[in-house]
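Data first, discussion second: the structure below is written as structure tokens.
What follows is calculated from the coordinates using simple rules that are stated; it is not laboratory data. Source: prediction; values computed, not measured. So basically every Cβ, Gly included, is an ideal-geometry build from the backbone, and we count neighbours across all protein chains shown.
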Amino acid sequence: MPRSDRKALRRARDEAELALATGRERARLAERVAQEAGFAERSCREHIAELNRRYEGIGAQIAQQQALVAQVADERRQIDWTPVEASLQAQLAARASAEQALAAARDRQESLGSEMRQADEARLTIDQRLDPARARIDEVRLKEQAAALSQEMYTPATR
């Protein structure tokens, strides 16, 4: 076989080996991608299953809550609110009466306070008017005492 044919065959063989190695690498990469996709699919399926379980649990809770709401609504409809409303009205009336009494007491307190201030002012005015008379009385007493002392000094003692 001529040399050029052998060279060509070797080249063809080298290219075939290179193509084979590249193909094998691609196959390994494709297997890895397929494996990762399988893992991702499994993970997604598990996540979907978990979400479905949660959804069912939430549905059961909703049904439970709806039943409870219906029960409370029935109980509420069965309550006779008449005594409660009557008691409320009575308490409101008592409160209004107490507020009126409080307002009247405050008015009376203000009135008494005003009267007391007027009485204090009148007392002060009277005290001011009496001050000269008190001073005159004190002056007369002092003179009386002085006269009594003078009389005692000038009057012979009777022994």
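Angle of helix 82-154 to the longest C-alpha principal axis of the chain, folded into 0 to 90 degrees and rounded to 10: 40°.
Once the Cα atoms are used to define both axes, helix 3-78 deviates from the longest principal axis of the chain by about 40 degrees.
Of all alpha-carbon pairs in the range 1-76, indicate the percentage at a distance above 14 angstrom. The proportion of pairs with Cα distances above 14 Å equals 79 percent.
Dipole magnitude of the chain about its Cα centre, charges +1 at Lys/Arg Cβ and -1 at Asp/Glu Cβ only, in debye to the nearest 20? Mind showing how you got there, number by number?
Working: 27 positive and 27 negative charges, 340 e Å.
Computed charge dipole of the chain: roughly 1640 debye.
For Cys44 and Ala60, the difference between the fully extended length at 0.36 nm per residue and the C-alpha to C-alpha distance is 3.4 nm. Comparing Cα centroids, the range 42-67 and the range 80-140 end up 72 angstrom apart.
Computed log10 I(q)/I(0) for the range 112-154 at 0.14, 0.18, 0.22, 0.31 Å⁻¹: -0.52, -0.63, -0.73, -0.93, from the Debye equation with unit scatterers placed on every C-alpha and solvent omitted. Percent of Cα pairs in the chain per distance bin of 10 Å, from zero to the largest separation: 7, 8, 8, 7, 7, 7, 7, 7, 6, 6, 6, 6, 5, 4, 3, 2, 2, 1, 0, 0.
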